[in-house]
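**Q** To start, I am sharing the structure in question, which I have written as structure tokens.
The values are calculated or read from the model by the stated rules, or taken from the named source; none is laboratory data. Predicted model, so just to flag it, every value in this text is computed and none were measured. Methodologically, a virtual Cβ is constructed for each residue, glycine included, from the backbone with ideal geometry; neighbour enumeration extends over all protein chains shown.
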Amino acid sequence: MNFGIVRFPGSCDETDALLAARLVGDARILWHTDRDLGGIDAVIIPGGFSYGDYLRVGAIARFSPVMEEIETFAGHGGLVLGICNGFQVLCEAGLLPGALLPNTSLRFTCRQVELEVAESRSLWTRACDAGEVLSVPAKHTTGRFWASEPVLDELEEGGQVALRYAPGHNFNGSARDIAAVCNHAGNVMGLMPHPEHAVDLLTGSDDGLPIFQSAARVGA
Amino acid sequence: MRVRVLIRPKAGILDAQGQTVERALPALGFDGVRNVHVGRLVELDVEDPARVPQMCERLLANPLIEDYEIQSPHAGAPASP
């Protein structure tokens, strides 16, 4: 299993994503100008502030050369995970539905959150059981998932809601407590919390590990 | 040609920034303020103003969550105060 971790100018969580991916496979960094994904099996778009969050979060990164390749890769069923800023980029690119708006508090918040695994099409939660609770950190200012009511209905009915904030944990005001959504095929998923920061008990939780194991299971 | 693009959150989407400003004004003694919305202003010189709507759709705004308004002398709207 070969992971490619994208690094944009302004990314900051790519090294943790790289280390997390290396617990289940091989992983290397992809630079934002790369036009060759080099035969990888899965892409992770990490957290950070790509292109300084200028204009709108994810708006500039979405047009970077590497994203063009990733759109093609995703279209062919390639595994793509967007974490935090990566989720924002995937929404801007139209690879995932909806958008991320400022937290209702307008504050940058860093805290541990509990996520409930939903029954979904997502290939990125295959190593988890529905109903299982994952404790992982979240840290962002712009993480309120929003989509129109009809789209939210479609996502729920179509099994595209992969993770929900557990009761009392939806600190950013996301619609219907949605923490992670996937595309219809299930190969592309985005979430605001950070599974890559929760892969070793040394940092309090290794509940993020099953997300990476899920990809390895699909790739195996 | 000088063009201004005003970008604001779509009606119906919770505008947390607008609400915060709306709550802050009475605290400073400015009563009677309602429907505050906070958006972005993009000013640009363009050779072909006819292409600005496309620029808005593709990059300057996210049409899913934002409305945009193009102001230019060409469109008959004031481009400068």
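**Q** How many of the residues in the range A:82-99 are within 9 Å of another protein chain (Cβ to nearest Cβ) and in a strand (DSSP E or B)?
**A** Looking only at that region, the number is 1.
**Q** Scanning for something of a type in the set (S, T, Y) and in contact with a Gly (Cβ under 6 Å, 6 or more places away or on another chain), does the range A:106-117 turn up at least one residue?
**A** No, the range A:106-117 contains no residue that is of a type in the set (S, T, Y) and in contact with a Gly (Cβ under 6 Å, 6 or more places away or on another chain).
**Q** Continuing with this model, one more query. Given the conditions (1) more than 18 Å from the chain's Cα centre (by Cα); (2) closer than 25 Å to B:I65 by Cα; (3) without any contact (Cβ under 8 Å) to a residue 40 or more places away in the chain; (4) away from every other protein chain (no Cβ under 14 Å), and given that A:D36 satisfies all but one, which numbered condition is not satisfied?
**A** In the conditions (1) more than 18 Å from the chain's Cα centre (by Cα); (2) closer than 25 Å to B:I65 by Cα; (3) without any contact (Cβ under 8 Å) to a residue 40 or more places away in the chain; (4) away from every other protein chain (no Cβ under 14 Å), A:D36 misses (2) alone.
**Q** OK, next. Write out, first by first residue and then by second, each pair whose Cβ atoms fall under 6 Å of each other, whose residues are 6+ apart or on separate chains, and whose first residue, in the range A:196-220, is surrounded by fewer than 19 Cβ atoms within 10 Å (Cβ to Cβ) while the second is part of a helix (DSSP H, G or I).
**A** A:V218/A:L123
**Q** Turning to a different aspect of this structure: If you scan the range A:1-47, which residues turn out to be of a type in the set (F, W, Y) and either assigned to a strand (DSSP E or B) or touching a Leu at 6+ places or on another chain (Cβ under 9 Å) (or both)?
**A** Those that are of a type in the set (F, W, Y) and either assigned to a strand (DSSP E or B) or touching a Leu at 6+ places or on another chain (Cβ under 9 Å) (or both): A:F3, A:W31.
**Q** Right, something else. Give the residue that is farthest from the other protein chains (Cβ to nearest Cβ), with candidates limited to residues of the range B:40-63 that are at pLDDT 95 or above, outside any strand (DSSP E or B) and surrounded by 15 or more Cβ atoms within 10 Å (Cβ to Cβ).
**A** B:V52
**Q** Hey, another quick one. When only residues in the range B:7-39 that are assigned to a strand (DSSP E or B) and within 12 Å of another protein chain (Cβ to nearest Cβ) count, which is modelled with the highest pLDDT?
**A** Taking the candidates together, the pick is B:I7.
**Q** Please go through the range A:48-57 and give me each residue that is assigned to a loop (DSSP other than H, G, I, E, B) and either more than 14 Å from chain B (Cβ to nearest Cβ) or modelled with pLDDT of 95 or more (or both), ordered by number.
**A** A:F49
**Q** Only one residue in A:R126, A:R107, A:R144 is in contact (Cβ under 8 Å) with a residue 40 or more places away in the chain and within 14 Å of chain B (Cβ to nearest Cβ). Which one?
**A** Exactly one residue qualifies, and that residue is A:R144.
**Q** Can you name every one of the strands (runs of 3 or more DSSP E) wholly within the range A:132-220 that holds 1 or more residues which are out of contact with any His (no Cβ under 8 Å at 6 or more places or on another chain), among the polar types (S, T, N, Q) and closer than 27 Å to A:F49 by Cβ?
**A** By residue number, A:133-140.
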